1. Mean separation of Cα pairs under 8 Å and 6+ residues apart, divided by the residue count of region 53-159: what relative contact order is that in percent?
2. Packing-wise, with mean Cβ within 10 Å as the measure, how do 289-299, 198-208, 386-396 rank, highest first?
3. Show me 337-348, 22-33, 251-262 ranked by packing, highest mean number of other Cβ atoms within 10 Å first.
4. Could you name the aspartates and glutamates in cross-link range of LYS403, using Cα to Cα under 14 Å and dropping any fewer than eight places away on the same chain?
5. Computed from the mean reciprocal separation of all distinct C-alpha pairs, what Kirkwood hydrodynamic radius does region 126-284 have, in Å?
6. If you split all Cα-Cα distances of region 1-155 into 5 Å bins from zero, what percentages do you get per bin, shortest first?
7. Taking N as the number of residues in region 306-375, what value does Rg over Cα atoms divided by 2.2 N^0.38 Å take?
8. May I ask you to compute the full-extension gain from GLN262 to ASP240, defined as 0.36 nm times their residue separation minus their alpha-carbon distance, rounded to one decimal in nm?
Amino acid sequence: MKILFLAHSFPPFHWRGTEVYAWELATAMAAHHQPHVFHLVDDPAAVEPKLEETEFRGLPVHRVRMRLTPAQPENYFFNPAQEKLFADLLNRLRPDVVHFIYFAGGLSLEIPRLAREGGAKTIISVTDFAGICPRAQLTDREGRACPGPRAGLRCGWCLFGHAFLEGHSRVDRLLRENLPTSLADLAPTPGVRLVRRRLTAAKDAFDRADLVVYPNDNCARIYRSAGFDQPARVIDYGIDLRPYAGHEKTPSDLPRIGFIGQLLPHKGLGVLAESLMGLPDRFLLVIYGNLEDPGARDYVASLKLPDRAEFRGTFPFESMNAVLSEIDVLVVPSRWMENCPLIVKYGIATRTWTVVADQPGMIADRSNPALIFFRPGDPGDLRRALFQAIALAYGGQRPAESKAVTDIADQARFFTGVYEARP
């Protein structure tokens, strides 16, 4: 079968969870199918979107170079020039299946409709809350948790500063929080109308998909509460387990506490920094992340990090096993609810003690012996968990082996069954 995978980005441009999952799943499919990848590349110099044909590690790749400007949301949500490039590709490629690993992030929300009209099955693997939240994480413009879009009324304030009345914040808040959602079309601002159009297109994509897959029950529940009540499956992401077989730790005179992730507030490095203030000095904090991400340098500069902290920048994804061999305790202190981040799975696969914020979407199987939970945003409780993990690691104990993480080859077999199933 010919399968076209879609994501907003893809290696080698980005190696975050969504991109890695898309790459590994497409690669696993290549054993028995013909996978292709369609993704975007942010090019500030691009005047119009342009399609490039290339390959990445044996996978045929169709990438669109374009200027991705969330500050111009109409063009970011709906892009006719990008849609034409995709439609032309569909006509040439004629895929049996279009599998959306991501369907927002600059991808036009008309693309799922075009895929269906082109005769392809459509599958949506949900990786965050982009279907119901333009910011994708259900956090508002002030970084607080958002309970949902309220038919786009909350989004109008979050994206544009108001939903009804500019300069009248109290009245605007009263209206957007209390107006019946059935009357949301009364909002006079173009921003709210655009967000409602976006929500309608996203819900239509989900309603008409042949299968929607959520990574955990919490994610599925939140989408259902926003009206996305179509039949769906809950299946955690798989990873390629082969690189982590036989993982061993390198020797060290100090316990090594590791953080791997974006250097931004929602990933919780600040919580980790505060928790370390109460630990004895005999430890080393190693931090991996990209200081060139927008806002990263200012955020890191605002933190009080311990003297024994080393910034080690970024690393090739293929070095993940080697990087984890020099980490005794891995910490995932996220301040947002998460959606089964892959870094937790790498901790489990390498039998690394992994201290994680007890967020509802952190992992589907909470019983794994490698995991030690703490209350999200609580430095004191994180300190307790670190004491426990360091004692175990430095006592020579390793977590028991676990079958909790799905191998990407098994996940490819599952999706093959979905692709080949009769309507």
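1. Computed over region 53-159, the figure is 18 percent.
2. Highest mean packing first, the order is 198-208, 386-396, 289-299.
3. On the way: 337-348: 23.3, 22-33: 20.6, 251-262: 17.9.
Final packing ranking: 337-348, 22-33, 251-262.
4. ASP236, ASP240, ASP365
5. Details: mean 1/r = 0.0525 Å⁻¹.
Computed over region 126-284, the radius equals 19.1 Å.
6. Here the calculated profile for region 1-155 is 2, 9, 18, 22, 21, 14, 8, 4, 2, 0.
7. Working: Rg = 12.5 Å, N = 70, 2.2 N^0.38 = 11.1 Å.
Taking N as the residue count of region 306-375, the ratio is 1.13.
8. 5.7 nm
FYI, it's all coordinate maths here, none of it is from the lab. This one's a predicted model, so the numbers in the text were calculated from it and none came from an experiment. All Cβ positions, even for glycine, are placed from backbone atoms using ideal geometry, and neighbour counts span all protein chains on display.
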